[in-house]
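K.L.:
Shown below is the structure under consideration.
Please treat every number below as a calculation from the coordinates, not as lab data. All of these numbers come straight from a predicted model, not from anything done at the bench. For neighbour counting, all protein chains shown are included, and Cβ atoms are generated from backbone atoms with ideal geometry for every residue, glycine included.
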Amino acid sequence: MAEKKNKKETGFQIVKQTLKYFLPIAAKYKPGYFVLMALSIVINTVIPFINIFFPAMIIDELVSTLNITNIVIYTIITVAGNVLLNLLGNICYVSMEKYADSFENYFNIEIAKRAMEMDFPLTENKDALDQVEKAKQGMQWYSGGVHGICLKFQRIITGITTLAGVCAVLISGAPFMMLIAVIVLVITSYLNNKNNKIEIESYKELSKINRIFGYTLFELSDFRFGKDIRLYKAKNMMLNKGNEQANAMTKHWKALSRKQLPNSELDVVVGAIRDGVNYFYLAWLVLSGIITLGDFSKFSSAAGTFTMALQDIIYGYQEIVKSCTYAREYLLFMNYPPYISQGTEKPKDCEHTIEFRNVFFKYPNTENYILKGVSITLHSGEHLSVVGLNGAGKTTFIKLLCRLYDVTEGEILLDGKNIKEYDFEEYAKIFSVVFQDFKLFAFSILENIAADEAENEGTRERVEQLIKLVGLEEKTSSLEKGADTVLFKQFEEDGIEPSGGEQQKIAIARALYKNAPIVILDEPTAALDPVAEYDIYRQFDKLVGGKTAVYISHRLSSCKFCDKIAVFSDGVIKEYGTHDRLVGLKDGIYAEMFAAQAQYYT
């Protein structure tokens, strides 16, 4: 349905829709930009008429009266007028270019903000990721962004004002030239429109190539891959991949150029024929005594200006349609349909009970169910350990609990109400989660723990308390800048490279700082040995205290101090109960796992 709707939209509708969105934002953000644009329109309208009239007057003076005074005056007006107006025009253009950077930064930030707000499943969706790329490219060098669109809009307005004046000039003595210009312009506009359509179709194919190209040549140069590249001799593979994508990009642009070349060459030929016909026509008028040599210059310049003004209008319109088509990808991204429905309820400030009721789940565009009929209740203050082998569905269980995905069948209830009825941001506030693949930022330790609240009063004292609780005090006290020390060395020479254990402690401190009523550890210690993992879980359990807690592991580090244990296998909860009960089950999964790992926990 969406494709049919897009096909029915005319160029005018696309331009109208896009300008209606962008211009009010730009005018509110940088109103001075449009003052400069209006001034540029006036300047660019006046300059052609100086060059049409005054050189013609100079020529007539030279071949008739030879009035030196008039020649000097006309020459000064021509030169000074061009110099002053072009200088002023250049000042306007440069000033507008400065605004262009502000616009680009503004909309890049908006894209980043939208990307961080979009539903989590879309971050793993190919179409959504392609749309992000289209939005970025569509607002940059494809359309030129708001500045590029406004320049084309300015071109059209300037063309209209110039055309009105130049028509009056040509009608007065050489109306045939207008007919020639119109006929030629119809042909060249048709050719230009064909090239624009070719380019727009090419752009649709380019977003995927760009994304792969960017990953291969830019992201893989990240030093985080340094050890693996060196130890596994991956350099040649990466370079080959980079060459493949560079060649694919080059092949794409060559194909585009080949398709556009015939139209471009024909456009040059038609323009040359137009100029030849114009000169013959004006020469005939001079020889016939109908016009003077000065008029020859005037009408010749006027014809050129007439053609340019028409081109500015027609080509400008075609270009603005193309640019708005690109820029509209930004609108499509900003209005990308949500994957998860939004409720309006806000969780009450009370002790929470969460219930999975016959939950089935499979990831989008897949056929295999990861969870199959899972039913479990998590009571307030209860500590639950979720164990099982890799691929058993443990992390998926947590993603559903946090509503990063919606269930395929069944329902999840918070305090007896389906979690779909809650506003997602409000619902997310009740969880503090440390995932196995948690990420720390190349910012200070303080900012990594407190995030948005890093600059708030009292934050530093609280962060320092948490640093002490998680066992990082000795590390931070040894650093010159303490908690203000930047992690990693991407941007700061004095940044530190924390060990795996130190990173885990920072992530745990971040989870504790949020102070949510439900805390979750989803195998963040999987890279550690069982004893070290057990120590971290035990310490974390003490820090959590009476809060509701969920511990995820395929090892049994957290089980002995948890109230209940849920054993996942093949997407279902095969066993559920206390440690003492499950360890005594004959041929039980948990009993077998515990026996295999008992040396670490006894």
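K.L.:
List the residues whose amide H sits under 5 Å from the amide H of residue 363, counting only those 5 or more places along or on another chain, with H placed 1.01 Å from N in the peptide plane.
P.N.:
370
K.L.:
Which whole-Hz couplings ³J(HN,Hα) result when phi for each residue of the range 272-278 is put into the Karplus expression 6.51 cos²θ - 1.76 cosθ + 1.60, θ = phi - 60°, listed in order with x for Gly and Pro?
P.N.:
Karplus values, whole Hz, x for Gly and Pro: 5, 4, 4, 4, x, 4, 4.
K.L.:
Here is a further query. How high is the relative contact order of the range 59-170, given as a whole-number percent (alpha carbon pairs under 8 Å, six or more residues apart)?
P.N.:
About 24 percent, as a whole number.
K.L.:
I would also like to ask the following. May I ask you to derive the relative contact order of the range 441-497, considering only C-alpha pairs under 8 Å and at least 6 residues apart, and to give it as an integer percent?
P.N.:
Relative contact order comes out at 39 percent.
K.L.:
Here's a follow-up. What distance in nm separates the simple spin-label points at residue 349 and residue 429, each placed 7 Å from Cα in the Cβ direction?
P.N.:
Rounded to a tenth, the inter-label distance reads 0.9 nm.
K.L.:
Quote the charge dipole size of the range 441-497 about the Cα centre in Debye, to the nearest 20; the model charges only the Cβ of Lys and Arg (+1) and of Asp and Glu (-1).
P.N.:
That gives the range 441-497 a dipole magnitude of about 220 debye.
K.L.:
Ok, one more. Once phi is turned into ³J(HN,Hα) by the Karplus curve 6.51 cos²θ - 1.76 cosθ + 1.60 with θ = phi - 60°, what whole-Hz value does each residue of the range 48-55 show in order, with x for glycine and proline?
P.N.:
Result, rounded to whole Hz: x, 6, 4, 7, 7, 8, 6, x.
K.L.:
Here is a follow-up. To the nearest 500 deg cm²/dmol, what mean residue ellipticity at 222 nm is calculated for the chain from DSSP H runs of n ≥ 4 alone, each contributing -39,500 (n - 2.57), summed and divided by the residues?
P.N.:
So the calculated ellipticity at 222 nm is -21500 deg cm²/dmol.
K.L.:
What percent does the relative contact order of the chain come to when contacts are Cα pairs within less than 8 Å and at least six residues apart?
P.N.:
Across the chain, relative contact order equals 15 percent.
K.L.:
Quick one: which residues, 5+ away or cross-chain, put their amide H under 5 Å from the amide H of residue 569? H built at 1.01 Å from N.
P.N.:
Here the answer is 574, since their amide H atoms fall under 5 Å of that of residue 569.
K.L.:
In debye, nearest 20: dipole of the chain around its Cα centre with unit charges on the Cβ of K, R (+) and D, E (-)?
P.N.:
About 1580 debye.
K.L.:
What nm distance separates the two modelled labels at residue 140 and residue 172, each placed 7 Å from Cα along Cα→Cβ?
P.N.:
According to this spin-label approximation, the distance is 5.1 nm.
K.L.:
How high is the FRET efficiency from residue 248 to residue 332, r the C-beta distance, R0 30 Å, rounded to 0.05?
P.N.:
Rounded to the nearest 0.05, the efficiency is 0.75.
K.L.:
Which far-off residues, 5 or more places away or on another chain, put their amide H under 5 Å from the one on residue 173, with H placed in the peptide plane?
P.N.:
Close amide H contacts, sequence-distant or interchain: none at all.
K.L.:
Further question on the same structure: Farthest toward the dipole's positive end in the range 428-535, which of 446, 478, 458, given Cβ charges of +1 (Lys, Arg) and -1 (Asp, Glu) about the Cα centre?
P.N.:
458
K.L.:
Using the Cα gyration tensor of the chain, with a ≥ b ≥ c the square roots of its eigenvalues, what is the shape: rounded (a/c below 1.5), prolate (a/b larger than b/c) or oblate (neither)?
P.N.:
prolate
K.L.:
Apply the Karplus parameterisation 6.51 cos²θ - 1.76 cosθ + 1.60, with θ equal to phi minus 60°, to every residue of the range 82-92 and state each ³J(HN,Hα) to the nearest whole Hz, in sequence, with x for glycine and proline.
P.N.:
Along the range 82-92, the couplings run 5, 5, 5, 5, 5, 4, 5, x, 5, 4, 4 Hz.
K.L.:
Assuming a ≥ b ≥ c are the square roots of the Cα gyration tensor eigenvalues, decide whether the range 106-195 counts as rounded (a/c under 1.5), prolate (otherwise, with a/b larger than b/c) or oblate.
P.N.:
It is prolate, given that a/c is not under 1.5 and a/b is the larger ratio.
K.L.:
Continuing with this model, one more query. With a 10 Å radius around each residue's Cβ, average the other Cβ atoms per peptide and rank 327-340, 15-28, highest first.
P.N.:
327-340, 15-28
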